Amino acid sequence: MAGAARRAGSSLLSRCLLSSRPAAAASPAVPSALRRADRARGFLPGVLQRFSTAAAAEEPISPSVQVNHTQLLIDGKFVESASGKTFPTLDPRTGDVIAHVSEGDAEDINRAVFAARKAFDEGPWPKMTAYERSRILLRFADLIDKHNDELAALETWDNGKPYAQAAHIEVPMVARLMRYYAGWADKIHGLVVPADGPHHVQVLHEPIGVAGQIIPWNFPLLMFAWKVGPALACGNTVVLKTAEQTPLSALYISKLLHEAGLPDGVVNVVSGFGPTAGAALASHMDVDKIAFTGSTDTGKIVLELAARSNLKSVTLELGGKSPFIIMDDADVDHAVELAHFALFFNQGQCCCAGSRTFVHERIYDEFVEKAKARALKRVVGDPFKNGVEQGPQIDDEQFNKILRYIRYGVESGANLVTGGDRLGDKGYYIQPTIFSDVKDNMKIAQEEIFGPVQSILKFNDLNEVIKRANASQYGLAAGVFTNNLNTANTLTRALRVGTVWVNCFDVFDAAIPFGGYKQSGIGREKGIDSLKNYLQIKAVVTPIKNAAWL
């Protein structure tokens, strides 16, 4: 992969906003038969819009990659699950089966933890020099670059995100993250601290041991890198459970990690379901640390299981309902484009999506009209097709959940500006949807929808919008759009969130820490702070006789 692509991978925003706008494509109305079917199921009769949807009606493009790894990776080998069970992973474009994947459960977690424990206690990885661990991670990054297209194709096929996004942004960012953590491997050091007496005091930073990691389905490869990278740099071993919706890319990339020279048992990958494999990992007595990314409700279960077992250390990156605040001094056209990106990126399946768009009353009406026009130009269709901005939602469950929230919005009195329905009759495509006149007490303004549904709220005062933006159980991220430095400074300090983007959104550099306040999580990922998740601190105190100095 070219260096330019790797540099672009450090910022999602730079690639997505600087790319050319999609040309207006032919926009056929939803067929009357589909309209009748929607009436029959009682959902939003008569709400029909025109979108750039030609790509959604075509036959799906065949991915240029083969699925070669569907088994569990335990102790350096691909193996069947102990039960012999498998489960299907589906193509969200059609709902068809891509492959049947080994279904891990508690017994497979036991096998993987045993391998990881042995690799940590007896294997070469934690005893290897930090420089050699760094070299393995660097070789891994080179292999990611070499297999960029295959990884991106698997990610798009299994997840539904646009191939251009996976190939030109996300996979290069995975390689960048691995190089970042390779750089840290031999720079993790302790301290020598003075004591009030004749003692030599060392503070050591030691690997924590066996790290259990549970990743989500919306960014499978990136979440793999966010978790595996710092764990390995610090000298730990890993048992990683993939999301049952998207197991393929993690299995493929783990094979590359072993090709780079990773010793057997250091990284183990178990595909399976939360109530079985996930619960077994979170409650395992021989796992020293658990890291989870997913919903807040599930995060609470993980935290409880960790506490009830061996009180293992926990890192949680959870849900969000991020405010995106647009002041009255904003360039409306630019604000519309940025707010559109903040919400609709990755089909709206982003924990930090700007899902509460607060717009000053002086520009509110103009903003709503232009936001509608932009949504109607959004190209929805096969994510392997050039120019497509939005693919399908991940699966039937998420698809129906989003449609329920749209129904809640209509029933609660919000104004459905555009969208509001499925797109086509195959796969999990949903029209880009916008609500205006949204009130703070509506479900669509309070709960995480995780889909292409933009809620636009009106405000008239800075103190008012600060109070309303903070009136949420979540505190993951926020966006601020203003030309006034004083306003920006006021908002960045007042908003109770882990990240504030000013006149930008979704800028994810390897060095920038990410995590939330309140019920959006515990701890931080990426950057130097992520290393703390995988290190123990030990004080070593030794008496000094006849010290020349203290």
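The values are calculated or read from the model by the stated rules, or taken from the named source; none is laboratory data. On a predicted model such as this, the values are computed, not experimentally measured, just so you know. When we count neighbours, we look across all protein chains shown, and the Cβ atoms used for this are built from the backbone with ideal geometry, even at glycine. Note: accessible area is taken over every heavy atom of the protein model, side chains too, but ligands, DNA and RNA are not part of it. Shrake-Rupley method; radii C 1.70, N 1.55, O 1.52, S 1.80 Å.
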Search result, residues across the stretch 494-547 that are on the phi < 0 side of the Ramachandran plot and open to solvent by 70 Å² or more (accessible area, probe 1.4 Å):
Arg496, Tyr517, Ile522, Ile528, Lys532, Gln536, Ile537, Lys538, Ala539, Val541, Pro543, Lys545
What number of residues within the stretch 286-331 satisfy the criterion of being out of contact with any helix residue (DSSP H, G or I) (no Cβ under 7 Å at 6 or more places or on another chain), part of a helix (DSSP H, G or I) and crowded, with 16+ Cβ neighbours inside 10 Å?
4
Filter the stretch 63-86 for residues that are under 10 Å from Glu103 (Cα atoms) and of a type outside the set (A, V, I, L, M); which is least open to solvent (accessible area, probe 1.4 Å)?
Ser81
Only one residue in Leu491, Leu485, Leu550 is more than 22 Å from the chain's Cα centre (by Cα) and buried (at least 16 other Cβ atoms within 10 Å of the Cβ), so which one is that?
Leu491
Restricting attention to the stretch 412-435, report how many residues are over 14 Å from Leu343 (Cβ atoms) and either open to solvent by less than 20 Å² (accessible area, probe 1.4 Å) or touching a Phe, Trp or Tyr at 6+ places or on another chain (Cβ under 8 Å) (or both).
10
Of all residues in the stretch 309-333, which are acidic (Asp, Glu) and in contact with a Lys or Arg (Cβ under 7 Å, 6 or more places away or on another chain)?
Asp328, Asp333
Failed item in (1) assigned to a loop (DSSP other than H, G, I, E, B); (2) crowded, with 19+ Cβ neighbours inside 10 Å, with Ala141 passing the rest
(1)
Inspect all residues belonging to the stretch 449-458 and state whether any of them is over 26 Å from the mean Cα position of the chain (by Cα) and either at pLDDT 95 or above or not aliphatic (A, V, I, L, M) (or both).
yes
Test for Gly95: is it without any contact (Cβ under 8 Å) to a residue 24 or more places away in the chain and either closer than 18 Å to Val267 by Cα or of a type outside the set (Val, Ile, Thr) (or both):
no
I'm trying to understand the selection: among the residues of the stretch 87-134, which are surrounded by fewer than 16 Cβ atoms within 10 Å (Cβ to Cβ), part of a strand (DSSP E or B) and either not hydrophobic (A, V, I, L, M, F, W, C) or not assigned by the TED database to the domain that holds Trp184 (or both)?
Pro88, His100
Which members of the stretch 379-406 meet the condition of being in contact with a strand residue (DSSP E or B) (Cβ under 7 Å, 6 or more places away or on another chain), in a loop (DSSP other than H, G, I, E, B) and either open to solvent by 10 Å² or more (accessible area, probe 1.4 Å) or basic (Lys, Arg) (or both)?
Gly387, Val388, Glu389, Asp395
